[in-house]
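The values are calculated or read from the model by the stated rules, or taken from the named source; none is laboratory data. Everything numeric here is computed off the predicted structure, so don't read it as measured data. Reconstructed Cβ throughout: ideal geometry from the backbone, glycine too, with neighbour counts over all protein chains shown.
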Amino acid sequence: MDKPQKPDPVRRFRDYRWDATDLLAYKEEGSAPFKAITRQTLFRDPALRAELRYFEVSPGGYSTLERHEHMHAVLILRGGGECLIGGEVRKIQTNDLVSIAPWTWHQFRASADDHLGFLCMVNVERDKPVQPTAEERKALEADPRIAAFLKQD
Ligand code: MN
């Protein structure tokens, strides 16, 4: 009888894919607005209580505008773009680190001509993100830079 195969402790990287790692949908289709973004779960260990994901946004794509209690620790691994963090729109490029504090509005957008790939560390157990109400969105759009950022859909 075959012995159960132990997972290889080294998973090779090529073209922003890792061996033995599924390329997944960002989240369930129709559950929230997003565009052209994929997810790979790189590490997930309840004992570690953390999960490390790699998200990749194609040119012109974006993650969901959301906020939640849990934090994000983000490392830009590929390309560049912009992100909304709370009341600010910031340019981001490869190797930048982005900290998203609890209950801070955030959204990542790839440039029109570049991919945006990033590692994102979160708690394994975490609360569900919420999206802005119409009023909260209006309040964000009071800032013209944020309005321009959100309008690129
Ligand atoms: Mn989030």
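Can you say whether Arg126 is within 16 Å of the ligand (Cβ to nearest atom) and among the charged types (D, E, K, R), as far as the supplied structure shows? Write out each step before concluding.
Details: within 16 Å of the ligand (Cβ to nearest atom): yes; among the charged types (D, E, K, R): yes.
Considered against the rule, which asks whether it is within 16 Å of the ligand (Cβ to nearest atom) and among the charged types (D, E, K, R), Arg126 comes out as yes.
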When you look at Arg17, is it out of contact with any helix residue (DSSP H, G or I) (no Cβ under 7 Å at 6 or more places or on another chain), surrounded by fewer than 17 Cβ atoms within 10 Å (Cβ to Cβ) and without any contact (Cβ under 8 Å) to a residue 60 or more places away in the chain, yes or no?
yes
Take the residues of the stretch 25-37 that are within 16 Å of the ligand (Cβ to nearest atom) and of a type outside the set (D, E, K, R): which is farthest from Ser111 (Cα to Cα)?
Ser31
When only residues in the stretch 50-75 that are in a loop (DSSP other than H, G, I, E, B) and crowded, with 21+ Cβ neighbours inside 10 Å count, which is farthest from the ligand (Cβ to nearest atom)?
Leu65
Given (1) more than 20 Å from Arg39 (Cβ to Cβ); (2) modelled with pLDDT of 95 or more; (3) of a type in the set (Gly, Ala, Ser), identify the lone condition not met by Gly80.
(1)
So, in the stretch 1-21, how many residues would count as being within 19 Å of the chain's Cα centre (by Cα) and part of a loop (DSSP other than H, G, I, E, B)?
3
Would the stretch 22-43 turn up any residue that is at pLDDT below 95, part of a strand (DSSP E or B) and exposed (fewer than 13 other Cβ atoms within 10 Å of the Cβ)?
yes
Residue check, Glu56 against (1) acidic (Asp, Glu); (2) under 24 Å from Pro132 (Cβ atoms); (3) touching a strand residue (DSSP E or B) at 6+ places or on another chain (Cβ under 9 Å), all met but one. Which one?
(2)
